[in-house]
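Before any comments, here is the structure.
The values are calculated or read from the model by the stated rules, or taken from the named source; none is laboratory data. None of the values given here were measured: they were computed from a predicted structure. A quick note on method: Cβ atoms are made from the backbone with ideal geometry, for glycine too, and the neighbour counts reach across all protein chains shown.
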Amino acid sequence: MVEVTDVVCSLCGCVCDDITVEVEDNKVTKVKKGACSVGKSKLMGHNRIKSPAIRVNGELKDCSYDEAIKKAAEILAASRRPLLYGWSSTVCEADKVGVELAEEIGAVIDNTASVCHGPSVLAIQDVGLPSCTLGEVKNRADLIIYWGANPAEAHANHMKRYSYVSKGFWTEEGKKAKKLVIVDVRATKTSKMADVFLQLEQGKDYLVFSALRAILYGHADVVPDEVGGVSKKDLLETVEMMKAAKFGMTFFGMGVTHTGARHNNIVNAIQMTRAAHTHTKFSIMPMRGHYNVAGINQVCTWETGFPFAVDLTRGYAWYNPGELSATDLLIRQECDAALVIASDPGAHFPGESIKHLAKIPVIQIDPFPNPTTEFADVVFPVAVSGVEAEGNVYRMDNIPIRLRKLIDSDYPPDEEILKRILDEVRAIKEKEEK
Amino acid sequence: MGTKVNLISGRTTVQGRNLDSKMSEEYFEEVARCDMNKADMEKLGVAAEESVKVKTSYGEVIVKAKEAAGTPEGIAFIPMGPWANALVSGDTHGAGMPSYKGIDAEIEKTGDKVLPVKELMQTYM
């Protein structure tokens, strides 16, 4: 048995890097400390896709990697409007090859941000983001606001490692010397811990941000007795807490990105942070979901100039979320083939979009079987990044961290499969040109 | 005629624990369910673990009812996953993001069974 310390978790955007595991006979046998129950489940492993496979007469038939590579390359080379989607649960090295493949075949490349924090990206491009690292939050913040987020369930270590419960250089007393504000539609495990719980009416986030902004700017007189289901008294109390903080921090989740006003909600959240600057230090950050969704946004931006929803069919990069986001392409039934990697649109896209995805040839690259496998036509099992393969990822605060390899695997890493598909596509194109 | 609700979806711990194990029984039990307030469940005449049909303009799905005190009256919560998303429109209103929360839905009691994930995905073929 070998004990491995400083293991990095490849599940959520927290990317916890202080985990200790035991490895025996090339298996992770125990997660000793550091991981939450969700991260532990990832490290201990699940049922795998056993073999590469190609769908024949409606059934997936096992085949060799060579045969699957050939088939995938043929599908992509023949496609007139391919979609390359996912990229958030793999490493930046694989994402880089993905962008190269998109350029080679003239594809639209999109990532899971488009159904997660895509609206946050749009808002940040609109008004900027006064943000910081999670280390700064840990060491300085004495007021934490979670808005439309339930970290006790979705990012279970977030409060312990980085925010309300953590103890840092100037926050050595931990939660005793901090305040917690939760803004949500439902009472959740997180809201039970709150000093103030603002339970708003669903979809009224924009109004509540606006009311807080008005009060922060000294215009409490224009705020009515109730805004979006929240009493003026509670709003005034929240603003007093914001003003009294030495360092305030707002984390926001999909409660604000998934509702009515979408990116306008986030613009207003950022403007509320600016309003708070007239009194004290305040910062804001999106609660990114997948462990490397921030990383594919980084890689896609280095390579094309844009973070998601990029069309490379024109010979130059064209960015237009709302037209080129995966769900929009699928609703218009525009793409005629798709490569899905490190994500599961079968489970996480609207039913209306899945209908088209199920009709077109789909290539899936993933360690685990999931609803997308049910309609995939070519399936590649791969190594689990962070357990069986190493590589760089970006934490939710855009800090790069290197995932470690803990055990050996017979499965190839994502990057290798993508490179082989790219080589095969180039060989097909070369042959066609001759 | 069912009860009109505002439908939202989101993460849970057990859903997260099974992100890489979505074909498992535990995922099915956790995700193919609908949280409602006690008052809404009484209005529908359903008990916990009984099936309800949730309908929107974009689709319908059968899930198990579950009482959740934290969910306000008039709100229904289905953990994110294939059952919730069967009810979601693909229209992003030009913003790239579908409306996963704040969907007008109608819920009624049903004797029909909840479709397991493989059968649910078959409905898209």
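Tabulated results
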quantity: Qualifying residue in region A:157-169 (condition: surrounded by 18 or more Cβ atoms within 10 Å (Cβ to Cβ) and either among the hydrophobic types (A, V, I, L, M, F, W, C) or over 28 Å from A:LYS33 (Cα atoms) (or both)); calculated: yes
quantity: Out of B:LYS38, B:LYS55, sole residue that is surrounded by fewer than 21 Cβ atoms within 10 Å (Cβ to Cβ), in contact with a Leu (Cβ under 9 Å, 6 or more places away or on another chain) and more than 9 Å from chain A (Cβ to nearest Cβ); calculated: B:LYS55
quantity: Boolean, A:ASP328 is in contact with a strand residue (DSSP E or B) (Cβ under 6 Å, 6 or more places away or on another chain) and either within 14 Å of chain B (Cβ to nearest Cβ) or modelled with pLDDT under 95 (or both); calculated: no
quantity: Residue within region A:174-185 that is on the phi > 0 side of the Ramachandran plot and not charged (D, E, K, R) present; calculated: yes
quantity: Any hit, region A:421-432, residues being aliphatic (A, V, I, L, M) and not in a helix (DSSP H, G or I); calculated: no
quantity: Filtered residue count, region A:362-393, keeping only those that are more than 14 Å from chain B (Cβ to nearest Cβ), farther than 15 Å from A:GLY86 by Cβ and crowded, with 23+ Cβ neighbours inside 10 Å; calculated: 1
quantity: Enumeration of residues in region A:316-334 that are touching a residue at least 40 places away in the same chain (Cβ under 8 Å) and surrounded by fewer than 18 Cβ atoms within 10 Å (Cβ to Cβ); calculated: A:GLU334
quantity: Within region A:1-37, considering residues that are basic (Lys, Arg) and in contact (Cβ under 8 Å) with a residue 12 or more places away in the chain, the one surrounded by the most Cβ atoms within 10 Å (Cβ to Cβ); calculated: A:LYS32
quantity: Residue under evaluation A:SER114, criteria (1) more than 9 Å from chain B (Cβ to nearest Cβ); (2) within 30 Å of A:ALA317 (Cβ to Cβ), criterion not met; calculated: (1)
quantity: Filter result (surrounded by fewer than 20 Cβ atoms within 10 Å (Cβ to Cβ), touching a strand residue (DSSP E or B) at 6+ places or on another chain (Cβ under 8 Å) and in the same structural domain as A:VAL91 (by TED's automatic domain parsing)) within region A:275-309; calculated: A:GLN298, A:GLY305
quantity: Failed item, numbered, when B:ALA48 is tested on (1) within 7 Å of chain A (Cβ to nearest Cβ); (2) not in a strand (DSSP E or B); calculated: (1)
quantity: Candidates B:GLY10, B:GLY74, B:GLY2 - the one that is in contact with a helix residue (DSSP H, G or I) (Cβ under 9 Å, 6 or more places away or on another chain), among the small types (Gly, Ala, Ser) and crowded, with 23+ Cβ neighbours inside 10 Å; calculated: B:GLY10
quantity: Complete set of residues in region A:345-361 that are within 9 Å of another protein chain (Cβ to nearest Cβ), part of a loop (DSSP other than H, G, I, E, B) and surrounded by fewer than 24 Cβ atoms within 10 Å (Cβ to Cβ); calculated: A:ALA358, A:LYS359
quantity: Any hit, region A:150-163, residues being more than 14 Å from every other protein chain (Cβ to nearest Cβ), out of contact with any Leu (no Cβ under 6 Å at 6 or more places or on another chain) and among the basic types (Lys, Arg); calculated: yes
quantity: Residue list for region A:45-68, restricted to those being of a type in the set (Gly, Ala, Ser) and touching an Asp or Glu at 6+ places or on another chain (Cβ under 6 Å); calculated: A:SER51, A:ALA53
quantity: Selection count where residues are under 24 Å from A:SER64 (Cα atoms), crowded, with 22+ Cβ neighbours inside 10 Å and of a type in the set (A, V, I, L, M), scope region A:394-421; calculated: 3
quantity: Members of region B:1-33 found to be hydrophobic (A, V, I, L, M, F, W, C) and under 19 Å from A:ASP344 (Cβ atoms), listed by number; calculated: B:VAL14, B:LEU19, B:MET23, B:PHE28, B:VAL31, B:ALA32
quantity: Residue list for region B:11-23, restricted to those being within 8 Å of chain A (Cβ to nearest Cβ), out of contact with any Ser or Thr (no Cβ under 7 Å at 6 or more places or on another chain) and of a type in the set (S, T, N, Q); calculated: B:THR12, B:SER21
quantity: Complete set of residues in region B:42-61 that are among the polar types (S, T, N, Q) and either in contact with a strand residue (DSSP E or B) (Cβ under 6 Å, 6 or more places away or on another chain) or without any contact (Cβ under 8 Å) to a residue 12 or more places away in the chain (or both); calculated: B:SER51, B:THR56
quantity: Enumerated strands (runs of 3 or more DSSP E) restricted to region B:59-125, each holding at least 2 residues that are facing another protein chain (nearest Cβ under 7 Å) and under 14 Å from the mean Cα position of the chain (by Cα); calculated: B:75-79
quantity: Matching residues, region A:163-180, being in contact with an Asp or Glu (Cβ under 7 Å, 6 or more places away or on another chain), of a type in the set (A, V, I, L, M, F, W, C) and either in a loop (DSSP other than H, G, I, E, B) or under 14 Å from A:THR238 (Cα atoms) (or both); calculated: A:LEU180
quantity: Of all residues in region A:301-315 being in contact (Cβ under 8 Å) with a residue 40 or more places away in the chain and within 14 Å of another protein chain (Cβ to nearest Cβ), the one that is farthest from B:SER99 (Cα to Cα); calculated: A:ASP311
